[in-house]
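To start, the structure itself, in structure tokens.
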Amino acid sequence: MHPGCHNDPNMAPAQPLRILELYSGIGGMHMAAKESGVPFEIVGTYEINTTAVEVYQHNFPDNGKRSTKPRNIMGLTTDHLASLHPDLIMMSPPCQPFTRQGLKRDVEDARTSSLLHVLDLLSSVPHPPKMILLENVSGFETSIAREKLIGVLTQRSYIWQEFLLSPTQFGVPNSRLRYYILAKQKPASLPFTTSNKIEEEFPLCLCVKEASRGDDINRCSWCSKPSLPTIHHVMYKTHASHLQTTSHHHAAHTQPPAPLGNNLRPDTNIECHSHSVEVLSRGHTQTPSHLYTTYTQLPSPLSNYLDSDTNMEPYLLSDKVLSKYHMILDIVDSGSQRSCCFTKGYAHYVEGTGSVVQHNTSISMSEIYSEVEKMEDESGKLELLRRLQLRYFTPSEVARLMYFPGWFSFPDTTTDRQRYRLLGNSINVLVVTCLLLTLIEG
Ligand code: SAH
């Protein structure tokens, strides 16, 4: 539990957690902190991309004082870091040096120099932060940069746990496998046993029985994993056996309340196996406004995430893309319970950048494709493909799948191309919220 957290209402008010947000982008980490319900203060942000800084300021105007100018991490000094005295550093360093596309140049890539600078600062600052949360692509776990990070954590007496997690494990129908590390300075601990193995499952249960505020549930009665007291599993008076056996049964009592912390449309037909996760912060007086619906054992359908009233015309795939790339598209529809990771090249490059939506579901995609295969004539093929009304996810749909809160928006001046790029670089807010609560609670 961080020093500001307390359970006793007679104790002094909680001190906000001092967070330094490095590589702040459009503020995914800040959003996760806000969604966690934990009192916090962003003591500094560092980001060089001017468009990202504009979006950040648009969403966090109160933080403006600290983020008025794009700032390079290379300019952060040990003295300045010491003067900020953060409790927690949250960071997602550039991932290109660790991807195949970025040629995996690792520490040789100039884009890693700022991370190496941060590691130098961490090893020399008199009082390093009590906690660190770092996110990167899968691939980082085998890098030299990661070895250097572990070296500094060891030198500065941290305990840590590494993870490879995707939002699909949290009931979100979007893949985004990412490396995360939670680190905490000894003698503090994490609420589970750490190991050198990279965890590929979230180690705590987020889907336990109905709980009331303040209950200390240490173990889930369904799956017996340890559970977080701060994550309350409310909503439906269903039982584990019921959940397992009636996954396709639409039960009358499963209408959840309208989501508060997210702009998902309320599920009207949520299935019996679905249940909500309410993230409350134990001992804090503030009313939680973070209600995640659709935390399901199986990802919920994309219909929960799609815009209902947008003009789809601008998002339709061009004839050129249809003709040239129709065989490599990943096509989903509103009933699908999955979608591919959206990268920053989405809607600009086709291959491997994210799924597209079949907007017209009155016809069968497989039938159209088998017709297309038989056809010689290019214009005939195109005519058939057009009927599917294949379109890109809109930026707001991508943001929703990344669990950005409903209050997040882009300035009108940000183009769609910029929006996709910025979102593609960002994080899944639900996953990071869960990790952050885990880190703070231990
Ligand atoms: N977590 C962020 C995105 C991180 S992506 C979000 O939610 O949006 C990595 C970011 O690091 C990019 O936005 C990039 O512009 C920024 N960056 C790269 N090198 C940097 C440096 N030396 N100083 C500050 N920011 C840097």
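The values are calculated or read from the model by the stated rules, or taken from the named source; none is laboratory data. Just so it is clear, the structure is predicted and the values come from calculations on it, not from any experiment. Note that each Cβ is placed from the backbone with ideal geometry, even for glycine, and that neighbours are counted across all protein chains shown. Side chains are part of the model used for accessible areas, which takes the heavy atoms of the whole protein and leaves out ligands, DNA and RNA. Shrake-Rupley method; radii C 1.70, N 1.55, O 1.52, S 1.80 Å.
Could you go through the stretch 78-92 and let me know if any residue there is closer than 22 Å to Ile427 by Cα, among the hydrophobic types (A, V, I, L, M, F, W, C) and over 21 Å from the mean Cα position of the chain (by Cα). No, the conditions are met nowhere in the stretch 78-92. Checking Lys148, Lys65, Lys69, Lys104 one by one, the residue that is at pLDDT 95 or above and not small (Gly, Ala, Ser) is Lys148 and no other.
Inclusion of Ser362 among residues that are farther than 30 Å from Pro93 by Cβ and loosely packed, with under 14 Cβ neighbours inside 10 Å is warranted. If you go through the stretch 108-128 and pick out every residue that is of a type in the set (Asp, Glu) and either at pLDDT 95 or above or within 13 Å of the ligand (Cβ to nearest atom) (or both), you end up with 2.
Tell me, yes or no, whether the stretch 403-418 has at least one residue that is within 13 Å of the ligand (Cβ to nearest atom), open to solvent by 10 Å² or more (accessible area, probe 1.4 Å) and assigned to a helix (DSSP H, G or I). Yes, the stretch 403-418 contains at least one residue that is within 13 Å of the ligand (Cβ to nearest atom), open to solvent by 10 Å² or more (accessible area, probe 1.4 Å) and assigned to a helix (DSSP H, G or I). Every condition in (1) more than 9 Å from the ligand (Cβ to nearest atom); (2) under 18 Å from Ile89 (Cβ atoms) is met by Asp62 except one, and the failing one is (2). Taken over the stretch 28-50, the criterion of being among the small types (Gly, Ala, Ser) and more than 15 Å from Val429 (Cβ to Cβ) is satisfied by Gly44 alone. Applying the set (1) modelled with pLDDT of 95 or more; (2) in a helix (DSSP H, G or I); (3) under 27 Å from Asp416 (Cα atoms); (4) not hydroxyl-bearing (Ser, Thr, Tyr) to Met74 leaves exactly one unmet item: (3).
On the basis of being within 8 Å of the ligand (Cβ to nearest atom) and within 21 Å of Arg419 (Cα to Cα), does Ile48 make the cut? It is true that Ile48 is within 8 Å of the ligand (Cβ to nearest atom) and within 21 Å of Arg419 (Cα to Cα). Scanning the stretch 22-41 for residues that are within 13 Å of the ligand (Cβ to nearest atom) and either under 23 Å from Leu81 (Cβ atoms) or not in a helix (DSSP H, G or I) (or both) returns Leu22, Tyr23, Ser24, Gly25, Ile26, Gly27, Gly28, Met29, His30, Ala32, Ala33.
Candidates Glu397, Glu383: the one that is away from the ligand (no atom under 16 Å from the Cβ), outside any loop (DSSP other than H, G, I, E, B), in contact (Cβ under 8 Å) with a residue 24 or more places away in the chain and among the acidic types (Asp, Glu) is Glu397.
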